[in-house]
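The values are calculated or read from the model by the stated rules, or taken from the named source; none is laboratory data. Bear in mind that the values here come from a model prediction, so they are computed numbers and not experimental data. Virtual Cβ from ideal backbone geometry, glycine too; neighbours counted across all protein chains shown.
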Amino acid sequence: MNGVLTTSDLGIAGSASAGERGIYDARILIADDEPMCCRLLAGILRQQNFANLRFAYGGGEALQLIKSFKPDLVLLDMQMPDLDGMEVCRQVRMLPDFADVPILVQTATVDRKQMGKLFAAGASDFLSKPINPSELVARVTVHLERRKMLGELREYRRRTSHELDAARRMQFELLPSATDQQALAESAGLRIGSYYRSSSEIGGDIWGLLPIDASSFGIFLADFTGHGVTAALNTFRLHALIHNYRSLRNDPVGLVSMLNDRLARLLPIGQFATFLYLIVNHAESSLQYVSAGAPAFMIKQGLLEPCHLTEAVGVPLGISRGETFELHHSPFSADSMLVLFSDGLAEFPDSNGGRIGEEGIKAVTDRCDPGLTPHQVIDELCRSAGMTEHGVLPDDTTIVCLDRRVGPRLPTGRDCTSVQPPAPPTAPECVLLNREAQAC
């Protein structure tokens with residue numbers, strides 16, 4: 001054999017195209033106790049532009065070089081005097097950093113039983129001896145391309161996960177902070193409990209509080225169609241629009257009409273949002289509200305009175321411009337409670353495939369003791385719907401509870417709990433329930 005092998009001698013194609021050159025920088029370890037075999041394999045690979053090669057002349061040396069050289073692919077002889085190829089495979093697969101490194105085993109035996117043991121030990125593929133140059137190049141290329149694609153996929157997923165995590169944090173920053181809720185609750189003489197959890201990293205639900213004057217404030221809850229990035233981007237759009245039109249906060253019909261017309265121009269066909277906007281006037285103990293296709297919300301007028309499902313008809317935001325929205329009024333006395341929720345709560349399927357529904361939510365709220373805090377009422381609703389801390393949500397879910405009921409408080413580890421009526425508290429409370437998307 002002369003010292004130089006040509007591609008014509010090997011019967012294989014010449015140098016790689018520009019689009020394929022990425023794999024030719026790969027680190028390849030050739031492990032064989034026969035130096036001649038190492039040189040033969042190296043000659044074939046170098047003729048195909050694989051130049052980053054290292055050699056091990058036994059199983060023990062191969063294991064050491066794998067840790068230091070960190071190869072992208074290993075060509076491993078099955079029969080070596082110190083450690084055979086099967087044992088090397090087993091030990092390599094025990095190293096976390098090399099669990100998926102391609103190992104191509106060279107063997108003169110093609111016994112199916114032995115092949116099964118070899119693959120069970122961690123081999124990725126095998127090459128029959130004597131080595132066929134075209135087969136060697138083809139198999140090395142395929143495994144390196146696969147490893148490169150897996151690496152690119154992992155990097156893409158890592159980058160995407162990082163970006164989604166950043167978007168999730170930004171989306172939570174749109175929600176009312178615990179400090180903002182506390183300040184508004186104290187000024188209005190009520191308590192606030194809230195729950196928000198998206199069905200994926202980011203979602204299409206959003207709610208907010210809008211200070212108006214010393215006697216009133218606004219509260220809105222929106223639910224965009226779909227999930228994930230598109231729905232989340234739409235929540236950013238809506239948040240920006242609402243805060244750009246501060247002058248309309250005290251005009252529910254004007255605000256909702258403006259949002260509808262703007263979103264109808266911005267959103268593509270098929271995307272829209274259900275929307276509920278209420279103005280709570282705690283000085284006059286009254287509510288004004290407008291619904292754009294939103295689920296019913298609940299008002300409990302009095303400590304012992306049953307809940308009332310209050311539903312207003314309206315077209316969801318963003319479907320068509322020029323829609324007319326109706327203003328509704330309701331009392332909201334000093335011993336009343338208000339519960340708003342997106343349809344993720346009503347439509348959550350429990351372990352039996354059933355759904356609690358709006359009537360079920362009403363029934364659970366009616367059963368709640370008047371001494372429960374807003375936080376505890378929300379806990380009861382989640383528990384009755386079948387939501388668990390680590391369970392998967394099929395839809396984004398938001399719940400907000402405004403409570404004007406009063407009573408002596410006993411502190412607990414999470415918030416203050418109303419135990420009995422009737423003495424008013426010295427300091428109203430506000431409870432932010434798991435703002436970082438932790439479930440009930």
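Remarks
- Subset of segment 155-205 [surrounded by 18 or more Cβ atoms within 10 Å (Cβ to Cβ), acidic (Asp, Glu) and within 30 Å of residue 216 (Cβ to Cβ)]: 205
- Pair list, Cβ under 9 Å, 6 or more apart: segment 208-226 residue in the same structural domain as residue 394 (by TED's automatic domain parsing) and in contact (Cβ under 8 Å) with a residue 24 or more places away in the chain, other residue of a type in the set (Ser, Thr, Tyr) and assigned to a loop (DSSP other than H, G, I, E, B): 221/342; 222/342; 223/342
- Those strands (runs of 3 or more DSSP E) of segment 330-440 in which at least 1 residues are at pLDDT below 80, considering only elements entirely within it, cover 409-411, 416-418, 431-433.
- Number of residues in segment 101-135 that are assigned to a helix (DSSP H, G or I) and closer than 20 Å to residue 65 by Cβ: the value is 1.
- Close pairs (6 angstrom Cβ cut-off, 6 or more residues apart or separate chains): closer than 11 Å to residue 34 by Cα and in the same structural domain as residue 84 (by TED's automatic domain parsing) in segment 54-66, of a type outside the set (Ser, Thr, Tyr) and not in a helix (DSSP H, G or I) anywhere: 55/30; 56/31; 57/33; 58/33; 58/80; 58/82
- Complete set of residues in segment 255-286 that are assigned to a loop (DSSP other than H, G, I, E, B), farther than 16 Å from residue 310 by Cβ, of a type outside the set (Asp, Glu) and touching a residue at least 12 places away in the same chain (Cβ under 8 Å): 267, 270, 271, 272, 282, 283
- Out of 65, 53, 45, sole residue that is among the aliphatic types (A, V, I, L, M) and surrounded by 21 or more Cβ atoms within 10 Å (Cβ to Cβ): 45
- Complete set of residues in segment 206-217 that are of a type in the set (Gly, Ala, Ser), surrounded by fewer than 20 Cβ atoms within 10 Å (Cβ to Cβ) and part of a strand (DSSP E or B): 208
- Tabulated pairs, segment 121-146, first under 12 Å from residue 44 (Cβ atoms), second assigned to a loop (DSSP other than H, G, I, E, B), C-beta under 7 angstrom, 6+ apart or interchain: 133/11; 133/12; 134/11; 134/12; 137/12; 137/48
- Selection of segment 288-325 for residues being in a loop (DSSP other than H, G, I, E, B) and aromatic (Phe, Trp, Tyr) yields only 325.
- Failed condition for residue 69, given (1) modelled with pLDDT under 90; (2) farther than 17 Å from residue 33 by Cα: (1)
- So residue 229, is it more than 25 Å from residue 381 (Cα to Cα), at pLDDT below 95 and in a helix (DSSP H, G or I): yes
- Filtered residue count, segment 239-271, keeping only those that are of a type in the set (A, V, I, L, M, F, W, C) and either more than 19 Å from residue 319 (Cβ to Cβ) or within 21 Å of the chain's Cα centre (by Cα) (or both): 2
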